[in-house]
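Engineer: Please read through the structure below; I'll follow up with questions.
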Amino acid sequence: MTHLGLVWLMLHELHHFEMGHFEFAGRLCLTEAHAPSSFGVVSRAKSQPSPALAQIDADDLPKVEPCLEMQADHDAIEMLIDAYALSKGGRSPSPNQQPK
């Protein structure tokens with residue numbers, strides 16, 4: 001079960017990267033940790049606010065991070081379910097196929 005959890009975590013973070021969430025949010029850290037690690041001189045520079053976030057209404061800003069997390073969660077779960085189905089002799093549904 002630990003292996004499965006680590007695989008899911010790696011897929012989750014990979015999808016953050018693939019969907020551009022790090023650039024969008026303007027940081028490179030695990031948001032779940034709430035405290036980015038410091039790595040010497042590189043981390044001493046002030047991070048610049050993301051231009052994309054500057055365009056979002058202040059009332060909507062608290063909704064951005066949960067939305068990004070749900071996107072990464074969804075894609076990681078979908079990949080694990082597809083891999084499980086294939087390992088059990090099933091086949092991956094086509095992207096246009098509707099579930100029954």
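Engineer: For the stretch 3-11, in order, what is each residue's ³J(HN,Hα) by Karplus, 6.51 cos²θ - 1.76 cosθ + 1.60 with θ = phi - 60°, in whole Hz (x at glycine and Pro)?
Structural biologist: 4, 4, x, 5, 4, 4, 4, 5, 5
Engineer: Can you run phi through the Karplus equation (6.51, -1.76, 1.60; θ = phi - 60°) for the stretch 14-19 and list ³J(HN,Hα) in whole Hz, with x for Gly and Pro?
Structural biologist: Karplus values, whole Hz, x for Gly and Pro: 4, 5, 4, 5, 5, 8.
Engineer: Could the peptides 10-17, 55-62, 66-73, 83-90 be put in order, highest first, of the mean number of other beta-carbon atoms found within 10 Å of their residues?
Structural biologist: Highest-to-lowest ranking by the protection proxy: 10-17, 66-73, 83-90, 55-62.
The numbers here are math on the coordinates, done by the rules we state, and not lab data. Remember, predicted model here, so these are calculated numbers, not experimental data. Heads up, the Cβs are rebuilt from the backbone with ideal geometry, glycines too, and the neighbour counts pull from every protein chain shown.
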